[in-house]
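What follows is a single structure, written as structure tokens, with notes after it.
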Amino acid sequence: MSIKASLAVLLAGGIIALLYALIRTRWIYKQELGSGQLKKIGGYVAEGAMAFLSREYKVLLPFVILIAAFLAIGNKGALRLQSLSFILGAVSSALSGFIGMKVATAANSRTTQAASDKGLNAALKVAFSGGSVMGMSVVGLALGGLFIVLAVSTGVFGTDVVTLSGTILPIVTGFSLGASSIALFSRVGGGIFTKAADVGADLVGKVEAGIPEDDPRNPATIADNVGDNVGDVAGMGADLFESYVGSIVGAMILGLTVTAGEDIRIKLMLLPLLLVAVGVVASLIGTFFVKTKPGSNPQKALNAGTFGAAGIAAVFALIVLKFFLGDSVFNNGSGYLHLFGVTVIGLVAGSVIGLVTEYFTGTGTRPVTSIMKSCETGAATTLITGMGVGMVSAFPAIIIIGAAIWCSFALAGLYGIGIAAVGMLITLGIQLSVDAYGPIADNAGGLAEMSEFPPEVREITDSLDAVGNTTAAIGKGFAIGSAALTAIILFTSFKEQSGVDMVDLTSVPVLVGILLGAVIPYLFSSMAMSAVGRAAYKMIAEVRRQFREHPGILNDEETPDYKRCVDISTQAALREMMLPGIVAVISPVIVGFAGGPAMLIGLLTGVTASGVVLAIFMSNAGGAWDNAKKMVEAGGGGGKGSEAHKAAVVGDTVGDPFKDTAGPSINILIKLMSMVSLVIAPMLKSFWG
């Protein structure tokens, strides 16, 4: 198959995904919206979410222009196209977040109304359809953007392997860098927004005022629901958008470094494009498996779609590999069956990491039950037990990631690791659909509470929300696993592009780079968590002020000032997100030009090893504290209002910036630093001779 034909397949996959997203969007907007209080409060959430996203993108515009200018000035000749590719990647990432959040905020109130009018299956269908628009928009825009970059830079009619390695692929990395840059700011900014609101709503509303979660009397509750969208829809979508693009680009680069003839190397470079294209079709088919009946567990329906899509993708991958590669071999004997093996390894590793994450964070599991019991003896033991659970959870996850890397390398070398990363993300369309379903279901429950729907409606939305908490935790585990593999292939690709043959780990520059890299995730996390603390302080002060100056709020005699709380979170997020993002972008540039490519490889090694472990610890500890609190609220350890409940709320509050701000942002940190390094590799090679 020629480059032209491969690009046609890539474009077809992108068009299919975007058409599906369009059809689902139109269907969602045709669903009953409801009236009265539901429509009013749902409007507040949608307005706040879109206002934040618009302001965030305006703040990021000068940053995008500055980096694009740097790429245009720093490169020569055709490589200056990298700046335009960077802008396209940034715009594609931002657009996927915009579309996903626009539809999510439309789906949440319609999910509540569907639960009231038609029951569980109808509500599940609306919530999952909203998530699927996010999932399919991400993969569609990613494939469409890659098609544009590759088509323009190759002239569509193809080129030779030297030109591909020297010009085309560096230009493609610009697209991935644009996606990574927007992803980091979306994740950090969204995380600061949502956790500032959440902490304020919990500590003042639940603990001090003793009112339920999502109570309309709480001024911070609208900001909390807005935050679910900007953090877990737009933020997670941008996160996995750049993982998806990064894994494809990294595997393409590694395909050109294998030991084989020129025609085989070009085929291996094109293979990731074909695999993700058939993955779109598998994901689309999987969405039709998501359906349930009254009284059944929605988790089973979501699992049916996820695992069904994975099985179909494996079959499609085998067909593509067989007919595209045939009997071709590379790396002294690896062939299409070896690559099928590493594709399956990626699929299985992602699923197993999700199951491990569910065990350490799921309601009723042994680790979470141990945290619930520790709540009975106060906040200190709650925090100690939760941190212990988070720390031990990193061990099995790292074993799985390490085994996937080792087995993939044994089957097909470094290229095998690249294909395993692509395999882990091959069904991203439905994986992200399930992930984005979570905040929609959560918002639907909050809207049912605030709109005073009957208890039976809240029971339906609670069952959807309980599953959403699990899918969110699994999604974070999956994102961390994919980040680890993607980062490894990206900095391996950097080694190839920068011309470094061998790295001596005992050399002083490399050791210094490793130490610097190991500490950066801690510095980054400190900045993110401190930002949440400062923003939460302002939110707490505002909620207390409203309760103090307007006592009629708690008696339902006055309406809280929701807009003021949304504005506090927005201003804090936009102000505080810049410094962590700048650290991620600037660090590789300074180390690369000051210490050389070998020292930069040490930096990337340190930040990947340290960052993956820290991200797993923080995300799982936060998720475990969250579900321990829910177990207490369900009656364990004394139930709501008890001393155990107060301790559980403290644990959940500490865990909020762990799992929703710093932890998931580290995923993007390690990938962005690798991608920045890959983009500046030609400059470093020229600078250091």
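Shape of the stretch 353-496 from its Cα gyration tensor (a ≥ b ≥ c, root eigenvalues): rounded if a/c is under 1.5, otherwise prolate when a/b > b/c, or oblate?
oblate
Of the listed residues Phe185, Phe340, the order by accessible area with a 1.4 Å probe, largest first, is Phe340, Phe185. Cys407 sits with roughly 70 Å² accessible to a 1.4 Å probe, with DNA, RNA and ligands left out of the calculation. The GluC sites (Glu not before Pro) of the stretch 446-535 meeting both criteria, a DSSP state outside H, G, I, E and B (loop) and at most 13 other C-beta atoms within 10 angstrom of the site's C-beta, are Glu452. Computed in the context of the full set of protein chains, the accessible area of the chain at 1.4 Å probe radius has 66% of its extent on carbon or sulfur. When Phe491, Phe316, Phe288 are compared by accessible surface with a 1.4 Å probe, the order from highest to lowest is Phe288, Phe316, Phe491.
Taking 0.36 nm per residue of separation and subtracting the current Cα-Cα distance, fully stretching the chain between Ala12 and Leu66 would add 16.1 nm.
Its Cα gyration tensor gives the stretch 1-90 an equivalent ellipsoid, and the semi-axes of that ellipsoid, as √(5λ) in whole Å with the largest first, are 38, 26, 4. Here the 3J(HN,Hα) profile of the stretch 2-7, calculated from phi with Karplus coefficients 6.51, -1.76 and 1.60 at θ = phi - 60°, is 7, 4, 4, 5, 5, 5 Hz, Gly and Pro shown as x.
Expressed as an acute angle from 0 to 90° and rounded to the nearest 10, what is the orientation of the C-alpha long axis of helix 336-361 relative to the principal long axis of the chain? Orientation of helix 336-361: about 20 degrees from the principal axis.
Average accessible surface for the chain: 34 Å² per residue, computed with a 1.4 Å probe over protein heavy atoms with every protein chain in place. When the surface is traced with a 1.4 Å probe over the full set of protein chains, His645 keeps roughly 20 Å² accessible.
Provide Trp625, Trp688 ordered by accessible surface of protein heavy atoms (probe 1.4 Å), highest first. Write down the numbers at each step before the final one.
Values: Trp625 5, Trp688 120 Å².
Per-residue accessible area, sorted high to low, gives Trp688, Trp625.
Among the listed values (1) -0.78, -1.24; (2) -0.69, -1.04; (3) -0.81, -1.08, the one matching log10 I(q)/I(0) by the Debye sum over Cα atoms at q = 0.09, 0.11 Å⁻¹ as calculated from this structure is (2). Phi angles across the stretch 593-603 convert, under the Karplus curve 6.51 cos²θ - 1.76 cosθ + 1.60 with θ = phi - 60°, into 3J(HN,Hα) values of 7, 8, x, x, x, 5, 5, 5, 4, x, 4 Hz, Gly and Pro given as x.
Counting heavy atoms of the protein chains alone, Lys102 has an accessible area of about 90 Å² for a 1.4 Å probe. Dipole orientation for the chain: of the candidates Asn229, Gly402, Gly261, Gly261 has the Cα lying most toward the positive pole (charges on Cβ; Lys, Arg +1; Asp, Glu -1). Ordering Ala107, Gly418, Val188 by Cα displacement along the dipole of the chain toward the positive end leaves Gly418 in first place; charges were set at the Cβ atoms of Lys, Arg (+1) and Asp, Glu (-1).
Based on DSSP H runs of at least 4 residues, each adding -39500 (n - 2.57), what is the mean residue ellipticity at 222 nm of the chain after dividing by all its residues, to the nearest 500 deg cm²/dmol? Let's see the in-between values first.
Working: 20 runs with 554 residues, N = 689.
Value at 222 nm, helices only, nearest 500: -29000 deg cm²/dmol.
A simple rule links phi to the HN-Hα coupling: the Karplus curve 6.51 cos²θ - 1.76 cosθ + 1.60 with θ = phi - 60°, which for the stretch 397-402 gives 5, 5, 4, 5, 4, x Hz, with x for Gly and Pro.
The values are calculated or read from the model by the stated rules, or taken from the named source; none is laboratory data. Computed from a predicted model, the values in this text were never measured in an experiment. Glycine gets a Cβ as well: all are built from the backbone with ideal geometry, and neighbour counts include every protein chain shown. When the accessible area is computed, the model is the full protein with side chains, heavy atoms only, and any ligands, DNA or RNA have been set aside. Shrake-Rupley method; radii C 1.70, N 1.55, O 1.52, S 1.80 Å.
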